[in-house]
Each structure stands twice: as structure tokens, then as C-alpha cells.
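Here the structure comes first, spelled out in C-alpha cells, and everything after it is commentary.
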Amino acid sequence: MEERLQKILSAAGLCSRRQAEEWLKAGRVTVDGRIAALGDKADPERSAVAVDGKPLAPPPEKVYLMLNKPRGYVTTLSDERGRAAVAELTADCGTRVYPVGRLDCDSDGLLLLTNDGDFAQRMAHPSHRKEKEYHVTVTGRLAGCERRLAALTALEDGSPIVPARVTVLRRDGGTWVLSVTICQGLNRQIRRMCALAELRVKRLQRVREGSLTLGDLPLGKWRYLTAEEVKRLAEE
């Protein structure tokens, strides 16, 4: 089946789709010996696709990982500001994998990574509306905070949000731990919600995405998803 060349190059693990577009504009990609242009398609099983004259290797086996991301790591493959990136934590998986969605630098917990571009796009698309649960350690105006958070229907800039499901997990004097479940994942959504509820976030940890839970995976470590886990995520 024919696919866009940038998708073929990305699936081969050579580069991102954006970088592939630059290679095509520069004339570095050929299909059956002919210089390809941006927008061209090819059948990777029938056509000879090459970059700088070197034929593409067969696509790598599709890999799906769950990482317990520590705080201080950005969810990119590299960072222009020199910050630690999650790619450093998964370098030993044997293939190039990309983060699925985002988990901000100051947060930790469950992060999916894969080399399956179609899976990543389905999972990250706003229409997917997969539940994500976070454990949020907060201080501030604690009395009734779970009700205030659950009652929010918009962020400070007016962006509408689906009401969150909020419960109190633990109370420890001036610090509470909340379970907050959302299904959108707007930029820094929970931190912005907490600010509106007069709460200060001390820790934000993602513990569940759909049916997939973080479990006892150690901080900074990753594991492969099982075939059954991948199937459930795709079907939810």
C-alpha cells in the first residue's frame, strides 16, 4: 500500500516526519532511482526508497514502552536548552522511540513511547479522550478543594474543560494527596486547575492512562507493553 514518503522514512527509524520533509525538499530521497518531491508516495514493499543513495533498511519491529518518567526530564528526543530528555532513559531499548503525548518537565509518572507513528497519533489525538489519572500533592486552601476542582468547567483563559473526577487519597496536616482524573490533557491543565482552586502543587504524578496503570515500575525505568495491553489501549 502506498504511503507518504515522510511516513515511510519516519517508520524506518531514520528521522521524524518533519525532518523527512526537509530531506525531501533537499532532494536527498529517491524512489526507484528518481528524486522524490514533498508529497510523493511509495509502496515500501515494492519500491526502492533510498536516502543519499543508501537503500532503506526493513522497518524495525514495532515497539511499545511504558516509562516511569522522573521530574526534570522533557518529553522530547533532544532539547535545545540542554535539559535531560526522556530519550536518554530509553536508549537501551534497541530502537528509536518517540513520546506519546506530553508529561511536563516538572511532573513524573507514566509516559508511553513507541516507534509506531499511527498508534502514537491515535493515542495523542484530542478526540481520543482517554482517561488519565494523576496523584497530586497540594498545599494551600485545602478545605473543600476536591469539590472546587471537580466544579471547574473552564481554565483561566476561558478554555472549556470536561469536569474532572477528584477524590482525596490522604490528608497529612497541611499537605493533601488528591486523585484527579481528566480526559483532555490541555497544556499544564491540572496545574492551572489547582491555581484556580487556590492550591499549590508540590508533586504531580501520572499513574494511569486508560486501562494501563503505572504499578510498581521504578522511577526512571521502562518496560515493554504486552500485546494485550497494546490491544486494549487501541480499542478503548
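Structure values in brief
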item	result
Simple Cβ-charge dipole of segment 31-166, Lys/Arg +1 and Asp/Glu -1, about Cα centre, in debye nearest 20	440 debye
Rounded to the nearest 20 debye, dipole of the chain from Cβ charges on Lys, Arg, Asp, Glu	820 debye
Rounded FRET efficiency, nearest 0.05, which uses the C-beta distance separating ARG34 from ARG232 and R0 of 45 Å	0.55
Footprinting exposure proxy for HIS135, HIS125 (fewest neighbouring C-beta atoms within 10 Å first)	HIS125, HIS135
Unit charges on C-beta of K, R, D, E only; dipole of segment 3-55, Debye	120 debye
Loop sites in segment 28-120: GluC sites (Glu not before Pro), DSSP, at most 11 other Cβ within 10 Å	GLU45, GLU61, GLU80
Packing-based exposure ordering (other Cβ within 10 Å, fewest first) of GLU133, GLU3, GLU235, GLU21	GLU235, GLU3, GLU21, GLU133
For segment 108-115, 3J(HN,Hα) per residue [Karplus equation, 6.51 cos²θ - 1.76 cosθ + 1.60, θ = phi - 60°, Hz, x = Gly/Pro]	10, x, 5, 9, 8, 9, 7, 10
Reach of LYS41 by Cα under 13 Å, taken over aspartates and glutamates that are not fewer than 8 positions away in the same chain	GLU2, GLU3, GLU21, ASP32
Taking the chain and dividing mean pair separation by its residue count, relative contact order in percent (alpha carbons under 8 Å, at least six apart)	19 percent
Sorted by Cβ density within 10 Å, fewest first, the residues CYS145, CYS194, CYS15	CYS15, CYS145, CYS194
5 Å-binned pair-distance histogram of segment 57-129 (Cα, whole percent)	3, 16, 27, 24, 18, 9, 3, 0
Under 18 Å from the Cα of LYS62 - lysines, other chains or at least 8 residues apart	LYS7, LYS231
Theoretical gain in end-to-end length, ASP157 to GLN19 [0.36 nm per residue, Cα-Cα removed]	46.4 nm
Reachable lysines, given that their alpha-carbon falls under 22 Å from the alpha-carbon of LYS69 and they are not under 8 places away in the same chain	LYS130, LYS132, LYS202, LYS221
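Here, each number is a calculation from the coordinates, and none is a lab measurement. Only a predicted model underlies this, so the values are computations on that prediction, with no experimental measurement involved. Neighbour counts are summed over all protein chains in view; Cβ atoms, including those assigned to glycine, are modelled from backbone coordinates with ideal geometry.
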